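Down below is the structure, laid out as structure tokens.
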Amino acid sequence: MKRLNPEHINRILELVNNAPYFKLLSMKICEIREGYARVEVDIERKHLTPFTTVHGGVYASLLDTACYWACYGELDEDAGMLLLTLTRLC
């Protein structure tokens, strides 16, 4: 099994957590391990719909981010990945 380089992960966390989209959502990746990622959002008023529920886009961003970074350590160095989330519209 591959082992992730802790220095590399720390640099990834710093880079990604300072990205504009992450700052916009107040989203933070707290931990990345092989097959695991922990992502947190401090829910604020800006995350709510007019009906005071958390917007689905916030959940989608959390899911997308956690899935991508959980898989990240399993990829070969020369591989890429695209994550698609499909939703059924009513």
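So, with a 1.4 angstrom probe, what is the percent of accessible area on the chain that is carbon and sulfur? Write out the running numbers ahead of the final one.
Numbers: 3990 of 7020 Å².
With neighbouring chains kept in place, the figure for the chain is 57 percent.
According to the Cα gyration tensor, what semi-axes, each the square root of 5 times an eigenvalue, does the equivalent ellipsoid of the chain have, listed from largest to smallest in whole Å?
After diagonalising the Cα gyration tensor, the semi-axes are 27, 16, 10 Å.
Stretching the chain fully between Ala79 and Ser26 yields a gain of 16.2 nm (0.36 nm per residue, less the alpha carbon separation). Taking all protein chains into account, the per residue accessible area for the chain stands at 78 Å² (1.4 Å probe). Overall, the anisotropy analysis places the range 12-55 in the oblate class: the square-rooted eigenvalues a ≥ b ≥ c of its C-alpha gyration tensor yield a/c not less than 1.5, with a/b not exceeding b/c. Projecting the Cα atoms of Ile43, Leu4, Phe22 onto the charge dipole of the chain, computed from C-beta unit charges around the Cα centre, puts Ile43 farthest toward the positive end.
The values are calculated or read from the model by the stated rules, or taken from the named source; none is laboratory data. For clarity, every value in this text was computed on a predicted model and none was experimentally measured. Counting neighbours? That spans all protein chains shown, and the Cβs are built from the backbone with ideal geometry, glycine included. Please note that ligands, DNA and RNA were not included when accessible areas were found on the heavy atoms of the full protein model with its side chains. Shrake-Rupley method; radii C 1.70, N 1.55, O 1.52, S 1.80 Å.
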